[in-house]
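A short worksheet on the structure shown next.
Where a number appears in this text, it was derived from the coordinates with a stated rule and is not lab data. Note that the structure is predicted; figures quoted are calculated from it, not measured. Here the Cβ positions follow ideal geometry from the backbone for every residue, glycine too, while neighbour counts run over all protein chains shown.
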Ligand code: GTP
Ligand code: MG
């Protein structure tokens with residue numbers, strides 16, 4: 001998948017109506033400052049399309065970034081199309097069975113939304129404002145018809161917080177299988193990576209794979225694209 005273009009299309013505040021988008025949406029949630037907006041920029045190949053800050057509480061609205069992607073699809077002998085999996089080239093009876101010629105390979109533009117949500121757990125805000133943000137996030141996650149997947153971001157350096165656990169369970173209860181991303185990978189030593197991932201799994205009580213990601217050096221970006229590619233066709 002190649003990102004061809006990206007733009008901020010809709011900004012929703014507490015009183016806004018949610019947009020009736022026709023394309024799929026992927027939402028990014030997690031506590032304030034975990035790196036949601038930075039992750040979106042890294043995926044979209046843009047430095048500061050989504051505004052980031054070293055102080056928590058930067059994103060206070062629901063921001064819909066429309067991404068136009070170029071995807072490669074392959075066509076089988078029956079004319080069915082599927083996303084082309086680079087790794088699936090297989091050889092049978094000495095012949096390549098997965099389509100490799102340019103004639104078999106179709107390229108298509110596809111649009112989808114990356115939805116940047118305000119972070120939770122931001123201490124420096126009134127109780128009432130926290131409630132309103134919470135309702136806004138909940139409302140979106142409950143009501144969006146095109147929401148295909150929720151990415152839950154946790155900081156790789158720390159144990160998931162109580163709020164992270166609640167969020168994870170809440171997402172599961174809504175029938176979504178959250179993709180967990182452990183952010184700020186560049187901030188830990190390679191030698192502790194496995195231990196930190198194990199702790200995150202334990203605390204969230206999950207066996208799901210966790211993607212370790214760094215917005216600084218972009219490690220984990222291709223794995224996330226792999227997941228998004230698969231989502232587009234299921
Ligand atoms: P809110 O909008 O407040 O909820 O925060 P957010 O989750 O959108 O976080 P944001 O992307 O604004 O990043 C917060 C801070 O962490 C910024 O100073 C980023 O530069 C920094 N940051 C984010 N991701 C990474 C990363 O992978 N590595 C490092 N070293 N810093 C990161
Ligand atoms: Mg943000």
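What the table shows:
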item	result
Rounded to whole Å, sorted largest first: equivalent-ellipsoid semi-axes of the range 1-43, Cα gyration tensor	19, 18, 9
Over the chain: helical MRE at 222 nm, DSSP H runs n ≥ 4 each giving -39500 (n - 2.57), nearest 500	-8500 deg cm²/dmol
Ranked list, fewest to most other Cβ atoms within 10 Å of each Cβ, for 110, 1	110, 1
Angle between the chain longest axis and helix 221-232 axis [Cα atoms, degrees, rounded to 10]	80
Residue of 171, 224, 199 that the Gaussian network model of the chain assigns the largest fluctuation, springs spanning Cα pairs under 10 Å	199
Spatial separation of Cα centroids for the range 1-42 and the range 181-204, in angstrom	25
Cβ-based exposure ranking for 64, 28, in which fewest neighbours within 10 Å come first	64, 28
Folded to 0 to 90 degrees: helix 193-204 orientation relative to the chain principal axis, Cα	70
Sorted by Cβ neighbour density within 10 Å, fewest at the top, the residues 206, 183	206, 183
Top of 219, 17, 157 by mean-square fluctuation, Gaussian network on the chain, Cα under 10 Å	17
For the chain, built as a Gaussian network whose Cα springs stay under 10 Å, the top-fluctuating residue of 154, 127, 179	127
Fraction in percent of alpha-carbon pairs per bin - 10 Å, the chain	7, 30, 34, 19, 8, 2, 0
Degrees, to the nearest 10: 127-143 long Cα axis against longest axis of the chain	20
Relative contact order (percent, whole number), the range 2-232, Cα cutoff 8 Å, 6+ residue spacing	24
